[in-house]
Amino acid sequence: NAGVTQTPKFQVLKTGQSMTLQCAQDMNHNSMYWYRQDPGMGLRLIYYSASEGTTDKGEVPNGYNVSRLNKREFSLRLESAAPSQTSVYFCASRRDRGTEAFFGQGTRLTVV
Amino acid sequence: GESVGLHLPTLSVQEGDNSIINCAYSNSASDYFIWYKQESGKGPQFIIDIRSNMDKRQGQRVTVLLNKTVKHLSLQIAATQPGDSAVYFCAEGGFQETSGSRLTFGEGTQLTVNP
């Protein structure tokens, strides 16, 4: 039982490059989330998907897009990376409202 | 906008003492709260949760208290151990259908346990 799996674990991008962060969960959860965590800071919600087929903006959606590919997978895309997007990105999933979320191990992204 | 925040950024305690980590929230419609522990280089791990129809909930060595009147919750860790050293976050996420599915985190408190 892998839980929440994020790929890649590390990535270095040049300013202006694009990339997609992948997230998959094997717990049959309905809701999935993308967060970013800057050094010494809390987690800020980028986008979330309450259920398959729906996505909503979080606190800091600018510069990102998401796709809920199916119930298992929720990807985060940076179309034109900027140094301000250097951060650790966490994906999470949970069965439904009122239940705990399970987190992946994070993707450490550096934009130079 | 609405936010979930913490009172203290750092907390240092002696091994064996009890720890209390506080959290203030501003959204009066919040009805579900979670405490997470994050160790260095890892993703957050669930500790305990509480719904707004409860004032207190206990787990193994942990207790969460919720005061809806002043919009405050706390995490109490009994007999704190070195392995408890980590950053602790509170999070708010509704459980009623009208609450939506957002899950919002506060800034975190760094707990250091001294031997």
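Structure values in brief
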read-out: Yes/no for A:Tyr64 being facing chain B (nearest Cβ under 9 Å) and open to solvent by less than 30 Å² (accessible area, probe 1.4 Å); value: no
read-out: Residues of region A:9-54 satisfying the condition of being hydroxyl-bearing (Ser, Thr, Tyr) and away from chain B (no Cβ under 11 Å); value: A:Thr15, A:Ser18, A:Thr20
read-out: Tally of residues being touching a strand residue (DSSP E or B) at 6+ places or on another chain (Cβ under 6 Å) and away from chain A (no Cβ under 12 Å) across region B:62-94; value: 17
read-out: Residues satisfying the stated conditions in region A:28-54, i.e. within 12 Å of the chain's Cα centre (by Cα) and of a type in the set (Val, Ile, Thr); value: A:Ile46
read-out: B:Leu73 vs. criteria within 16 Å of B:Ser26 (Cα to Cα) and not β-branched (Val, Ile, Thr); value: yes
read-out: Number of the exception - A:Ala101 against (1) open to solvent by less than 50 Å² (accessible area, probe 1.4 Å); (2) more than 8 Å from chain B (Cβ to nearest Cβ); value: (2)
read-out: Test: residue in region B:48-60 that is closer than 22 Å to A:Pro39 by Cβ and facing another protein chain (nearest Cβ under 10 Å); value: no
read-out: Among (1) over 30 Å from B:Thr10 (Cα atoms); (2) of a type in the set (A, V, I, L, M, F, W, C); (3) within 14 Å of another protein chain (Cβ to nearest Cβ); (4) open to solvent by 30 Å² or more (accessible area, probe 1.4 Å) - the single one A:Phe74 does not satisfy; value: (4)
read-out: Conditions (1) out of contact with any Phe, Trp or Tyr (no Cβ under 6 Å at 6 or more places or on another chain); (2) open to solvent by less than 70 Å² (accessible area, probe 1.4 Å); number of the one not met by A:Glu52; value: (2)
read-out: Single match in B:Asp31, B:Asp49 (criterion: under 14 Å from B:Glu92 (Cα atoms), of a type in the set (Asp, Glu) and within 11 Å of the chain's Cα centre (by Cα)); value: B:Asp49
read-out: Selection count, region A:77-98, where residues are in contact with a strand residue (DSSP E or B) (Cβ under 6 Å, 6 or more places away or on another chain), within 14 Å of chain B (Cβ to nearest Cβ) and in contact (Cβ under 8 Å) with a residue 60 or more places away in the chain; value: 6
read-out: Search result, residues across region A:1-29 that are in a loop (DSSP other than H, G, I, E, B), open to solvent by less than 70 Å² (accessible area, probe 1.4 Å) and among the hydroxyl-bearing types (Ser, Thr, Tyr); value: A:Ser18
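The values are calculated or read from the model by the stated rules, or taken from the named source; none is laboratory data. This one's a predicted model, so the numbers in the text were calculated from it and none came from an experiment. Counting neighbours? That spans all protein chains shown, and the Cβs are built from the backbone with ideal geometry, glycine included. Surface areas here come from the heavy atoms of the whole protein model, side chains and all, with no ligands, DNA or RNA. Shrake-Rupley method; radii C 1.70, N 1.55, O 1.52, S 1.80 Å.
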